[in-house]
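Provided herewith is a single structure, encoded as structure tokens, for subsequent inquiry.
Any read-out appearing in this document is the output of simple, stated calculations on the displayed coordinates, not a laboratory observation. Keep in mind that this is a model prediction, so the values were computed, not measured. Neighbour counts run over all protein chains shown; Cβ positions are idealised from the backbone, glycine included.
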Amino acid sequence: MTARRTRMAHLLSTSHGFTLIELMVVMVILGILAGLIVPRIMDRPEEARRTKAGVQIQSIEQALKLYKIDNGQYPTTEQGLVALVEPPTVGVLAKRWRAGGYLDKGKVPKDPWDNEFVYISPGLHGDFDLSSYGPDGQAGGEGKDEDINNWELE
């Protein structure tokens, strides 16, 4: 047992920690990396919101197509996207509306900026137009305020 204790004592007495210089070098390297990476990451949240809006539009498009398959036509502008979660009560009624609706969670999602999607049927660019007006919530806009439209998505 004493040989074991002696060996442990020797290991503990010969182990060294980091010096102040070594710690300072590591801190400088981390600071340089943060200075290079953080500015690139800061623009990503807006890009992520725009991507999410595009994905949501595509998901709603699929639900609208299923609605048309079941009922022979897309919901009208007056019926709106609510027709995907509740049977329409105005206009041409859905004859074979799917129990449970066409969207997950039983509600029409809002865009990433907490605004309603804009739905027009019949649309100016196809059977229907589906848009998010982006962060400003206004039609049109450029740059970060540019609208996200179903007819422009790939």
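Rounded to the nearest 10 degrees, what's the angle between the helix 44-71 long axis and the longest principal axis of the chain, both from Cα atoms, 0 to 90?
Roughly 40 degrees between the two axes.
Can you tell me the orientation of helix 20-42 relative to the chain, as the angle in degrees between its alpha-carbon axis and the longest Cα principal axis, to the nearest 10?
That helix lies at roughly 10 degrees to the long axis.
So what's the back-of-envelope 222 nm ellipticity for the chain, counting only DSSP H runs of four-plus at -39500 (n - 2.57) apiece and dividing by all residues, rounded to 500?
So the calculated ellipticity at 222 nm is -14500 deg cm²/dmol.
Return the loop-located GluC sites (Glu not before Pro) in segment 27-102 (DSSP other than H, G, I, E, B) with at most 16 other Cβ atoms within 10 Å of their own Cβ; answer none if there are none.
Those satisfying the criteria are Glu78.
Now, a different point. Stretch Gln73-Glu154 to full length: gain in nm at 0.36 nm per residue minus the Cα-Cα span?
Here the answer is 26.8 nm.
Compute the orientation-averaged projected area for segment 21-154 from the convex hull of its Cα atoms and round it to one decimal in nm².
Projected over every direction and averaged, the Cα hull of segment 21-154 covers 11.1 nm².
Right, here's the next one. May I ask for the angle, rounded to the nearest 10°, between helix 2-14 and the longest principal axis of the chain, with both axes built from Cα atoms and the value confined to 0 to 90°?
The helix 2-14 is inclined about 70 degrees to the chain.
Something else about it: Taking a threshold of 25 Å on the Cα-Cα distance, which of the pairs Lys65/Lys110; Lys68/Lys105; Lys105/Lys144 fall above it?
Result: Lys105/Lys144 exceed 25 Å.
Put +1 on the Cβ of each Lys and Arg and -1 on the Cβ of each Asp and Glu in segment 46-149; which of Ser131, Leu66, Val82 then has its Cα farthest toward the positive end of the dipole?
My answer, from the dipole projection, is Leu66.
Given points 7 Å out from each Cα along the Cα-Cβ axis, report the Leu66 to Glu47 separation in nanometres with one decimal.
About 3.2 nm separates the two model spin labels.
Also: From the alpha carbon gyration tensor of segment 77-120, can you work out the equivalent ellipsoid semi-axes (sqrt of 5 times each eigenvalue) and give them in Å, largest to smallest?
20, 14, 6
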